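Trainee: What follows is a single structure, and I will ask about it in a moment.
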Amino acid sequence: MSNQNAAERQAVLYSAVAPDEAYMQRFRAFVNEKYGADTSLVWKQDNGLNGGFRLEVGCEVYDWSLDGRY
């Protein structure tokens, strides 16, 4: 994990379609467990992702998009 200040930690969820609140809660739970409750989660639209999502936290990337999986 990086040396980022806790106030600066942010997870960014990229997908072509906005996740519903249930999915956002699941992503928040994952981010809070892995990086701490002080890590914020934001969603950004990425029309280049035809399916799935990409989650970036600092220098770590979880790529579950179609391109990232195959």
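The values are calculated or read from the model by the stated rules, or taken from the named source; none is laboratory data. These numbers were taken from a predicted model, which means no experiment stands behind them. A quick note on method: Cβ atoms are made from the backbone with ideal geometry, for glycine too, and the neighbour counts reach across all protein chains shown. All accessible areas refer to the heavy atoms of the entire protein, side chains included, with ligands and DNA or RNA removed. Shrake-Rupley method; radii C 1.70, N 1.55, O 1.52, S 1.80 Å.
Trainee: Using each residue's phi in segment 23-40, evaluate 6.51 cos²θ - 1.76 cosθ + 1.60 at θ = phi - 60° and report the 3J(HN,Hα) Karplus result to the nearest Hz, with x for Gly and Pro.
Mentor: Those phi angles translate into 5, 4, 4, 5, 5, 4, 4, 4, 4, 5, 5, 7, 10, x, 5, 8, 8, 7 Hz.
Trainee: Follow-up. Taking the simple approach of a point 7 Å from Cα along Cα-to-Cβ for both Tyr62 and Ser40, what is their distance in nm?
Mentor: 2.0 nm
Trainee: Under a 5 Å amide H to amide H cut-off, with H placed in plane at 1.01 Å, what residues pair with Leu41 once short-range neighbours are removed?
Mentor: So Leu41 has HN proximity to Ala11.
Trainee: Given the convex hull over the Cα atoms of the chain, what projected area results after averaging over all orientations, in nm²?
Mentor: With every direction weighted equally, the projected area is 4.7 nm².
Trainee: Before rounding to the nearest 500, sum -39500 (n - 2.57) across all DSSP H runs of length at least 4 in the chain and divide by the residue total; then give [θ] at 222 nm in deg cm²/dmol.
Mentor: After summing the helix terms and dividing by residue count, I get -8000 deg cm²/dmol.
Trainee: Right, another one. I'd like the carbon and sulfur percentage of the solvent accessible area for the chain, probe radius 1.4 Å, heavy atoms only, ligands and nucleic acids excluded.
Mentor: 49 percent
Trainee: Before I look further, what does the chain give for accessible area per residue, probe 1.4 Å, in whole square angstrom?
Mentor: Accessible surface, normalised per residue, equals 68 Å².
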